[in-house]
Amino acid sequence: MNVKIFWELIDTTREASGGNVSGQADLLVEELVKLSENEIISFDTILHDRMDEAYDAVLWDATEIIGCGCGDDGFYEFRGWLIAHGSKVYENALADPESLMDLIEMEDNAQDGAILYTLNPAYKQKTGQELPWGFRKNRKPALLKGIHLTAEDMKKRFPKLAAKFGDCEKRWAKWLGN
């Protein structure tokens, strides 16, 4: 498994699922089962390397605007959602988070990280066993790159995202059915 094959699996399953992230995760499990045990674990390593690469305060601040808030779990899920959209979307978002503006609609759940939960079922289907305890033991926790901005500075840094997603009171009322 290498990064090129990783992104090919992401692209193939995204296209086959019609862009449905949960459906993509199911297809990804089916594809991972076809690989060797080592390749499945290698896929997970590459996935988490991409997750670490995207552990950036600038991207998190943009996600805060898009989602009308975003905590640790939400940003974890968002990074999975971002990776599920393929290398081009991923790289563009890292370079300029406002590139996400045309991809995400108001009603979209950009914190659906279903692909993050493909390793365990794929490994179990492949081997009939649970993943070995501590298989990531040598992995160091990622440190957040950069510092978070204030809400006002986020709006200045991401004017397009703020214009599209910034009225959280209206959005929350819509989501809550008020």
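The values are calculated or read from the model by the stated rules, or taken from the named source; none is laboratory data. Since we're looking at a predicted model, the values are computed, not measured. Positions of Cβ are generated from backbone atoms using ideal geometry, with glycine treated the same way; all protein chains shown enter the neighbour counts.
For the range 31-78, which residues satisfy the criterion of being closer than 26 Å to A16 by Cβ and not in a helix (DSSP H, G or I)? If the condition is that a residue be closer than 26 Å to A16 by Cβ and not in a helix (DSSP H, G or I), then K34, L35, S36, A54 are the ones that fit. Just so you know, in the range 108-120 the residues that are of a type outside the set (D, E, K, R) and assigned to a loop (DSSP other than H, G, I, E, B) include one that is surrounded by the fewest Cβ atoms within 10 Å (Cβ to Cβ), and it is N109. Condition (residue is within 17 Å of K4 (Cα to Cα) and not aromatic (F, W, Y)) applied to the range 69-80: is it met by at least one residue? No: the range 69-80 contains no residue that is within 17 Å of K4 (Cα to Cα) and not aromatic (F, W, Y).
Can you name the residue in the range 121-144 that is within 18 Å of G71 (Cβ to Cβ) and surrounded by 10 or more Cβ atoms within 10 Å (Cβ to Cβ) and, of all such residues, is modelled with the highest pLDDT? The qualifying residue modelled with the highest pLDDT is L144.
Checked against (1) surrounded by 21 or more Cβ atoms within 10 Å (Cβ to Cβ); (2) at pLDDT 95 or above, G23 passes all but a single condition, namely (1).
Within the range 41-75, the residues that satisfy the criterion of being buried (at least 17 other Cβ atoms within 10 Å of the Cβ) and small (G, A, S) are A54, A62, G67, G74. Name the one entry in D11, D52 that is of a type outside the set (A, V, I, L, M), closer than 17 Å to F78 by Cα and out of contact with any helix residue (DSSP H, G or I) (no Cβ under 6 Å at 6 or more places or on another chain). None of the others qualify; the one that does is D52. The single condition among (1) of a type in the set (S, T, Y); (2) free of Cβ contacts under 8 Å to residues at least 40 places away in the same chain; (3) under 19 Å from L47 (Cβ atoms) that Y117 does not satisfy is (2). The residue that is farthest from the chain's Cα centre (by Cα), among those in the range 121-176 that are closer than 30 Å to L27 by Cα and in a helix (DSSP H, G or I), is T127. Once the range 27-40 is narrowed to residues that are under 19 Å from G113 (Cβ atoms) and touching a residue at least 40 places away in the same chain (Cβ under 8 Å), the residue that is surrounded by the most Cβ atoms within 10 Å (Cβ to Cβ) is L28. If the condition is being surrounded by 20 or more Cβ atoms within 10 Å (Cβ to Cβ), outside any loop (DSSP other than H, G, I, E, B) and not basic (K, R), then the range 79-95 contributes G80, W81, L82, I83, A84, A93.
Looking only at residues in the range 1-40 that are at negative phi and of a type in the set (G, A, S), the one that is farthest from the chain's Cα centre (by Cα) is S36.
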